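**Student:** For reference, the structure I am asking about is given below.
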Amino acid sequence: MGTIKTLNKWANAHTYYPLDAVRVALGVFLFIKGIHFMSNTQILMDLFTPIQNLAGGMITVHYVAPAHFIGGMLIAFGLLTRWAIIAQLPILIGAIMINFVGEMHVGNLVVATATLMVCIFFIFYGSGKHSADYYFKMQQ
């Protein structure tokens, strides 16, 4: 717990509007991806064709869209940002690995890798000073 407080103090002392804009953009991107997967389930099923015979394939399909949808909303508002990003990590790692198991799509690989890197940054940085987490912490 002390490490998280130390990271939060550092992040609050070094907060900048562009980093908050990147966090909001990440959340909006994941939210839109969640909506895209919810409205086009066949695209999501096509992505999972290389691993459809593995155990838990259908569970994975039902986890991806709601996790992007809800997690993107939480990240955009800066509410429970680290927890929402931790929920995104298995999806993003799977998105990178699917390119090597199935057909390689360089564009999807680049987007998934960039999103993973930004998520890893925000796990350490946190939600920042201009977020719902900071607002609720100051209300206590």
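**Student:** How many of the residues in segment 1-35 are modelled with pLDDT under 85 and under 17 Å from ILE70 (Cα atoms)?
**Tutor:** Of the residues in that region, 0 qualify.
**Student:** Follow-up question, since we're still on this one. Yes or no: segment 86-94 includes at least one residue that is aliphatic (A, V, I, L, M) and free of Cβ contacts under 8 Å to residues at least 24 places away in the same chain.
**Tutor:** Looking through segment 86-94, at least one residue is aliphatic (A, V, I, L, M) and free of Cβ contacts under 8 Å to residues at least 24 places away in the same chain.
**Student:** Here is a further query. Specify which of the listed residues (TYR63, TYR134) is at pLDDT 80 or above and aromatic (Phe, Trp, Tyr).
**Tutor:** Unique residue meeting the criteria: TYR63.
The values are calculated or read from the model by the stated rules, or taken from the named source; none is laboratory data. Since we're looking at a predicted model, the values are computed, not measured. Cβ atoms come from the backbone with ideal geometry, glycine included; neighbour counts cover every protein chain shown.
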